[in-house]
Amino acid sequence: MEEKIDLKSMNKEELTAYMLSIGEQKFRASQLYEWIHVRQARSFAEMTNLSKALREKLSAQAYLTCVEMADVQISAIDGTRKYLFALEDGNMVESVLMKYKFGNSVCISSQVGCRMGCKFCASTLDGLERNLTPAEMLDQIYAITLETGERVSHVVIMGSGEPMDNYDNVVKFLGLLTDENGLHISQRDVTVSTCGIVPKIKELAKLRLQINLAISLHAPTDEKRKALMPIANSYTIKELLDAVKEYFAITGRRITFEYSLVRGKNDSAEEAKELIALLKGFPCHVNLIPVNPVEECGMRETSRDGVVSFMQTLEKSGIHATIRREMGRDIDGACGQLRRRHMKADS
C-alpha cells in the first residue's frame with residue numbers, strides 16, 4: 001500500500017505539481033492551498049468548493065496533518081496559555097501562546113524532545129525522539145488560532161528541540177508560514193533560536209531571509225559554556241560569533257543573544273565583564289533569562305537583584321540588554337515540563 005502524501009507540508013508549487021499529476025486542473029491547487037493555509041480546514045469534507053469525487057480522491061491518496069490538543073494550562077497571572085499537542089504517532093509537543101500589546105506570539109516546538117543536552121533544559125532530559133514535519137510545526141499555530149479565535153502575528157521557534165538540527169523542515173516551514181498566499185506572517189516577526197550549530201547558521205544566512213536569529217549563549221567563555229551546553233564541545237564561541245557576524249553582514253538583522261542566568265554558574269560581576277569583552281562593538285541585544293527551575297536539572301535561578309545588577313553592568317558598557325518578561329510563571333513554564341509530566345503520568 002502506497003504511503004499517503006502530507007499535503008500541509010507542501011508549498012504552492014509542489015501542491016500544483018501534485019494536483020496536475022492526479023489529473024486535476026491547476027486552479028484546484030490554489031483552492032486547496034487556501035483551504036489548508038488560510039481557512040485552516042482540518043478535513044477534506046470542509047472543502048465545499050471541491051467536488052465530492054476530488055475530496056474522495058484526496059482522502060484516498062493524501063492527508064492533512066492535524067495536531068490534537070491533549071492539555072492546556074492557562075496562567076492566572078497574565079493569560080499565557082501552554083498547550084500540549086498529541087501527534088498522530090502518539091508523541092507529544094508543547095507550544096505557548098503569549099499575549100502582548102503588539103499582538104499574539106506563539107512559541108512552537110521543532111522536534112519531539114532534543115539531543116542537545118543543555119544542562120538547564122527539561123526538553124532534552126529524555127533525548128531526541130524525532131524531527132517535526134513542516135506541517136506539524138504549522139499546525140501548532142493553526143490549532144491555537146482555532147482554539148482562541150484570534151490571529152497569531154509573531155512566531156518564535158524556541159520550544160522543544162533545536163531548529164538547526166531539523167534544518168530542512170524548519171526552512172520549509174518558514175516558507176509556508178510567511179507565504180503571501182497563506183498565513184502571511186512577516187519574516188521580521190519570526191524568530192529562530194539556536195544553541196549554535198555553526199554550519200547551519202552559515203547556510204541559513206545564504207538564504208537572505210529577514211527573520212530574527214537568537215543565539216543561546218549562556219556563558220562568556222568556552223570552559224563555562226561547555227559546563228552548561230554540550231554543543232560548546234563542537235564549536236568554540238569564536239567560531240559561533242564568526243558565523244553570527246556573517247549572518248548579520250548578509251542579512252542586516254540584529255542578533256539577539258539569549259543568556260539564562262543560573263545561580264553560581266554564570267551570573268557573577270566577573271562573568272558580566274567577560275560577556276562585555278566578548279560582545280563589545282557588535283550590534284546585538286542580550287536577552288537575560290532568569291532560568292526556570294527544573295527539578296531534575298538541579299539549577300537555581302539568580303536572585304532578582306542579581307539579574308538587575310547583571311543587566312545594569314551590561315547597559316553601562318553600551319551593550320543593550322533586557323530581562324525577559326516572565327510569562328506564565330504559575331504554570332509549567334520551562335520547555336518540556338508539561339510533556340514530561342504527562343509522560344510520567346502515562347508510564
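I need the full set of residues from the range 300-318 which are under 29 Å from Ala122 (Cβ atoms), in contact (Cβ under 8 Å) with a residue 40 or more places away in the chain and assigned to a loop (DSSP other than H, G, I, E, B), in order please.
Thr302, Ser303
Please verify whether the range 117-126 includes one or more residues that are over 30 Å from Arg225 (Cβ atoms) and assigned by TED's automatic domain parsing to the domain that holds Leu213.
Looking only at the range 117-126, we keep the residues that are over 30 Å from Arg225 (Cβ atoms), and these are none.
No, that holds for no residue.
Using the structure shown, decide if Ala321 is in contact with a helix residue (DSSP H, G or I) (Cβ under 7 Å, 6 or more places away or on another chain), modelled with pLDDT of 95 or more, of a type in the set (A, V, I, L, M, F, W, C) and under 30 Å from Phe248 (Cβ atoms).
Numbers: in contact with a helix residue (DSSP H, G or I) (Cβ under 7 Å, 6 or more places away or on another chain): yes; modelled with pLDDT of 95 or more: yes; of a type in the set (A, V, I, L, M, F, W, C): yes; under 30 Å from Phe248 (Cβ atoms): yes.
Here the answer is yes, as Ala321 does meet what is asked.
Mind checking which residues of the range 148-191 are on the phi > 0 side of the Ramachandran plot and among the small types (Gly, Ala, Ser)?
Applying the first criterion (on the phi > 0 side of the Ramachandran plot) to the range 148-191 yields 149, 161, 184.
Gly149, Gly161 - these are the residues of the range 148-191 that are on the phi > 0 side of the Ramachandran plot and among the small types (Gly, Ala, Ser).
Just checking, which of Met98, Met47, Met92 is of a type in the set (A, V, I, L, M) and buried (at least 21 other Cβ atoms within 10 Å of the Cβ)?
Met92
Quick check, is Leu32 in a helix (DSSP H, G or I) and crowded, with 17+ Cβ neighbours inside 10 Å?
On the way: in a helix (DSSP H, G or I): yes; crowded, with 17+ Cβ neighbours inside 10 Å: yes.
It is true that Leu32 is in a helix (DSSP H, G or I) and crowded, with 17+ Cβ neighbours inside 10 Å.
Consider Tyr83 against the criteria (1) surrounded by fewer than 13 Cβ atoms within 10 Å (Cβ to Cβ); (2) assigned by TED's automatic domain parsing to the domain that holds Glu326; (3) not in a loop (DSSP other than H, G, I, E, B): it satisfies all of them except one. Which criterion is unmet?
Among (1) surrounded by fewer than 13 Cβ atoms within 10 Å (Cβ to Cβ); (2) assigned by TED's automatic domain parsing to the domain that holds Glu326; (3) not in a loop (DSSP other than H, G, I, E, B), the lone unmet condition for Tyr83 is (1).
Among Glu46, Glu34, which is in contact (Cβ under 8 Å) with a residue 24 or more places away in the chain, among the acidic types (Asp, Glu) and out of contact with any Gly (no Cβ under 8 Å at 6 or more places or on another chain)? Break it down into steps so the answer makes sense when it comes.
Values: Glu46 fails: in contact (Cβ under 8 Å) with a residue 24 or more places away in the chain.
The match here is Glu34.
Of these, Leu174, Leu213, Leu183, which one is touching a residue at least 40 places away in the same chain (Cβ under 8 Å) and outside any loop (DSSP other than H, G, I, E, B)?
Details: Leu174 fails: touching a residue at least 40 places away in the same chain (Cβ under 8 Å); Leu183 fails: outside any loop (DSSP other than H, G, I, E, B).
When all the criteria are applied, what remains is Leu213.
Within the range 225-240, can one find any residue that is hydroxyl-bearing (Ser, Thr, Tyr), within 18 Å of Ala205 (Cα to Cα) and in contact (Cβ under 8 Å) with a residue 12 or more places away in the chain? Full working, then the answer.
First, the residues of the range 225-240 that are hydroxyl-bearing (Ser, Thr, Tyr): 234-236.
With within 18 Å of Ala205 (Cα to Cα) added as a condition, the list becomes 235.
Filter once more, so that each one left must be in contact (Cβ under 8 Å) with a residue 12 or more places away in the chain: 235.
Yes, there is a match, as at least one residue in the range 225-240 is hydroxyl-bearing (Ser, Thr, Tyr), within 18 Å of Ala205 (Cα to Cα) and in contact (Cβ under 8 Å) with a residue 12 or more places away in the chain.
Could you please let me know if Leu209 is within 21 Å of Asn11 (Cα to Cα), out of contact with any Pro (no Cβ under 9 Å at 6 or more places or on another chain) and at pLDDT below 95?
Numbers: within 21 Å of Asn11 (Cα to Cα): yes; out of contact with any Pro (no Cβ under 9 Å at 6 or more places or on another chain): yes; at pLDDT below 95: no.
Criteria not met by Leu209.
Residues to consider are Asp179, Asp189, Asp168; find the one that is surrounded by fewer than 23 Cβ atoms within 10 Å (Cβ to Cβ), under 30 Å from Ala272 (Cα atoms) and acidic (Asp, Glu). Can you show your working first?
Details: Asp179 fails: under 30 Å from Ala272 (Cα atoms); Asp168 fails: under 30 Å from Ala272 (Cα atoms).
Sole residue among the options that is surrounded by fewer than 23 Cβ atoms within 10 Å (Cβ to Cβ), under 30 Å from Ala272 (Cα atoms) and acidic (Asp, Glu): Asp189.
When you check Ile201 against the structure, is it in contact with an Asp or Glu (Cβ under 9 Å, 6 or more places away or on another chain), in contact (Cβ under 8 Å) with a residue 40 or more places away in the chain and β-branched (Val, Ile, Thr), yes or no? I'd like the intermediate steps shown before the answer.
Numbers: in contact with an Asp or Glu (Cβ under 9 Å, 6 or more places away or on another chain): yes; in contact (Cβ under 8 Å) with a residue 40 or more places away in the chain: yes; β-branched (Val, Ile, Thr): yes.
It is true that Ile201 is in contact with an Asp or Glu (Cβ under 9 Å, 6 or more places away or on another chain), in contact (Cβ under 8 Å) with a residue 40 or more places away in the chain and β-branched (Val, Ile, Thr).
Yes or no: Leu54 outside the structural domain of Tyr142 (by TED's automatic domain parsing) and either surrounded by 20 or more Cβ atoms within 10 Å (Cβ to Cβ) or at pLDDT 95 or above (or both)?
When the stated conditions are applied, Leu54 passes them.
Restricting to the range 101-145, count the residues that are in contact with a strand residue (DSSP E or B) (Cβ under 8 Å, 6 or more places away or on another chain) and not in a helix (DSSP H, G or I).
The total comes to 26.
Which one of these does Ile276 not meet: (1) more than 26 Å from the chain's Cα centre (by Cα); (2) farther than 20 Å from Lys238 by Cα; (3) among the β-branched types (Val, Ile, Thr)?
Condition (2) is where Ile276 drops out.
Every residue in the range 23-68 that is farther than 13 Å from Ile5 by Cβ and among the hydroxyl-bearing types (Ser, Thr, Tyr), please.
Result: Ser30, Tyr33, Ser43, Thr48, Ser51.
Which residues, counting only those in the range 252-283, are surrounded by fewer than 20 Cβ atoms within 10 Å (Cβ to Cβ), out of contact with any Pro (no Cβ under 7 Å at 6 or more places or on another chain) and part of a helix (DSSP H, G or I)?
Those that are surrounded by fewer than 20 Cβ atoms within 10 Å (Cβ to Cβ), out of contact with any Pro (no Cβ under 7 Å at 6 or more places or on another chain) and part of a helix (DSSP H, G or I): Ala269, Glu270, Lys273, Ile276, Ala277.
The values are calculated or read from the model by the stated rules, or taken from the named source; none is laboratory data. Quick caveat: nothing in here was measured; it's all calculated off a predicted structure. Counting neighbours? That spans all protein chains shown, and the Cβs are built from the backbone with ideal geometry, glycine included.
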